[in-house]
Amino acid sequence: MQTNPLFSFSRVLLLVFCAALPAWAAQPLVRPEQAVILTVTGNIERTNSNGKAIFDREMLDQLSQHGFFTGTPWTGQKHHFSGVLLSDLLNYLGAEGENVRVIALNDYHNDLSMNMVRKHPFLLSTRLDGEIIKVRDKGPLWVMLPLSEHSEYDTKRYHEMLVWQVKQLDIQ
């Protein structure tokens, strides 16, 4: 029995494509086992709770971690901020849209363009100097940029984007 060469070629392409997918692409987004510290709503592909993605700290810690030392107008001296890059989290969730609305516990919000998030190293910080950021210290999540290393970020415009006590991201 002969097989159609086009069919064989298509099967090979499909296998190559599947092998090239990141490991997480085939895995469903698990549900948090601890207290939820972040909710992501809006236009996302991967969800785990009625069309949204909810995360506990451990789930965020499972994603690729990054960090840098920087001073801020609120902390004075340099501190080490670590967590997940906002762009990595959005890629992980398959987020598509024009803007990311970052919403704080007190409902303060700032809209970041998706292009800006993909271009600049916005860090969704979960730790400050290796310690979990407490709510009273601007946690549980604090959006941060390397202000000390890139003077172009150390301006009022960018400072307004560094939302602390983050509770939600809404992809618009």
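What the table below lists for this structure:
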item	result
Members of segment 128-144 found to be closer than 21 Å to Leu93 by Cβ and not β-branched (Val, Ile, Thr), listed by number	Pro140, Leu141, Trp142, Met144
Flag for Gly51 being closer than 19 Å to Gln172 by Cα, surrounded by 14 or more Cβ atoms within 10 Å (Cβ to Cβ), over 13 Å from the mean Cα position of the chain (by Cα) and among the small types (Gly, Ala, Ser)	no
Selection status of Thr47, of a type in the set (S, T, N, Q) and modelled with pLDDT of 80 or more	yes
Number of the exception - Leu112 against (1) closer than 21 Å to Arg57 by Cα; (2) under 13 Å from the mean Cα position of the chain (by Cα); (3) not β-branched (Val, Ile, Thr)	(1)
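The values are calculated or read from the model by the stated rules, or taken from the named source; none is laboratory data. Here the structure is a predicted model, which means the values were calculated and not measured. Glycine gets a Cβ as well: all are built from the backbone with ideal geometry, and neighbour counts include every protein chain shown.
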